[in-house]
Every structure is written in C-alpha cells, then in structure tokens.
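Notes to accompany the following structure.
The values are calculated or read from the model by the stated rules, or taken from the named source; none is laboratory data. What you see is a predicted model; the values in this text were computed from it and never measured. Reconstructed Cβ throughout: ideal geometry from the backbone, glycine too, with neighbour counts over all protein chains shown.
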Amino acid sequence: MNLPKIVSAEEWQAARDELLVEEKAATRQLDALAAKRRRLPMVEFATDYVFEGPEGKLGLLDLFDGRRQLVVYHFMPLHDDGLPCTGCASFTDNIPNLAHLRARDTTMAVISRSPYADLEPVRQRLGWRLPLYSGPEFNTDCGAGDGFGLSVFLREGERAFRTYFTTARGADRLRMDFNLLDLTPYGRQETWEDSPQGRPQTEPYQWWRLNDEYA
C-alpha cells in the first residue's frame, strides 16, 4: 500500500504550515459564501401542509416549535422493503444534538414522503432521537421529489418563507463523518477522490450501510 512519506518533525511542520495557508484561504472563502447566503432573498411558502409525526398531525408552523428558523432535511422515500436509503440514513446519523441549534432559535426536522407508520420503526431501529415526519406534498413542492435535499425556512408571525435549498454535494459536505474522513490520509476511500496511487478505494456508495449493518 502507498503510505505517506516519512519525514522529520521539522519537515512535517513545514509541509503542514504550507497547507494551512490554503486551508485558511478556503475558510475565508466559506465565510464569504455564508455572508452571501445570509443575504439571499426569500420566497413565501404556504403553511397549510399537513405532516404526521409522533405528536399526530401538524402544520408547517408547528414544525418551527416556537422558534424563528427551521432547517429541513428532505429524506428519500423508503424502499419497497421498508428500508431507508443508506445515504439519507447516514446523513441522519450525523445530525448533532439539537440543543445547540435550538439555543440559536433554530429547529431541525427530517421529512419524508413515506407514511409515518413506516418511518417510526426505522427511527427506532437506527436509534435516532429526532422525529421523522411524513410530508409527501411538501417534499415535492420543495423540489426534492423522491430525492433528497435540505431547505431552510424563516418564520415571521404566521407566515413562513424559504431562504435556502441545497442537494447533492451541497448536502454531503454537511456530514461530520465525511468532514473527518477528509482529514485522513485515506480520505473517504472512494474512486472519485484524487488520492495517491495505491491508496484503498471503492466505488462511491458501495461501502455505505445502515448503522447496525457494519461488521
């Protein structure tokens, strides 16, 4: 296997400092993008959607749970065998303790087009503490359809507005496990990555499992 080059501590520090310059530049660019994101316009969204969750039937304003901001992960419909997409499941595994979001007046919800009666067993099996809601029309109207994505909403009184949407790599970069793997010599170990010859790699998605299916 092609391992990283072994060098002295001084050589390693010099290489690390050189990369740090680029990392800081990337951080400043991400900060600039976040500033532009905060200045995006917003579009009003209907509030008469009906969601089903552990509390029963809820409307869109109810999902804010008394807070002004709402982040929604659009979870793909369950497969015919009742199992979830491994990508959506692993994204949900990576959702942090919500107390920190709530401290900044922000709620998070996970919404799927699948019936709630089918979602709840999945939530219990995989040990998720956050609720899953069923909202078929909502995910469609948000542009997620049978796919996945992430939307951000802002509440002003009895009105709700969508301020942001992302999908594909825009959602994947939010995963803590991917961010940690990107710091390692082997990376995510997928064939699309630019890694030195001889590093372990498999086809994308091939290694993904539900969290209780890994050996």
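Go through (1) farther than 20 Å from ASP146 by Cβ; (2) out of contact with any strand residue (DSSP E or B) (no Cβ under 7 Å at 6 or more places or on another chain); (3) in a loop (DSSP other than H, G, I, E, B); (4) modelled with pLDDT of 95 or more one by one and return the number of the condition ASN2 breaks. In the conditions (1) farther than 20 Å from ASP146 by Cβ; (2) out of contact with any strand residue (DSSP E or B) (no Cβ under 7 Å at 6 or more places or on another chain); (3) in a loop (DSSP other than H, G, I, E, B); (4) modelled with pLDDT of 95 or more, ASN2 misses (4) alone.
The set of residues in segment 156-185 being exposed (fewer than 15 other Cβ atoms within 10 Å of the Cβ) and in contact with a Ser or Thr (Cβ under 8 Å, 6 or more places away or on another chain) consists of GLU158, ARG159, ASP177. In segment 93-103, the residue that is nearest to PHE64 (Cα to Cα) out of those that are part of a loop (DSSP other than H, G, I, E, B) and free of Cβ contacts under 8 Å to residues at least 12 places away in the same chain is ALA103.
One residue stands out among those in segment 74-117 that are of a type outside the set (A, V, I, L, M) and closer than 14 Å to PHE51 by Cα: the one that is surrounded by the most Cβ atoms within 10 Å (Cβ to Cβ), which is PHE75.
For ASP17, state whether it is more than 19 Å from TRP128 (Cβ to Cβ), without any contact (Cβ under 8 Å) to a residue 40 or more places away in the chain and under 21 Å from the mean Cα position of the chain (by Cα). Judged against the criteria, ASP17 is not a match.
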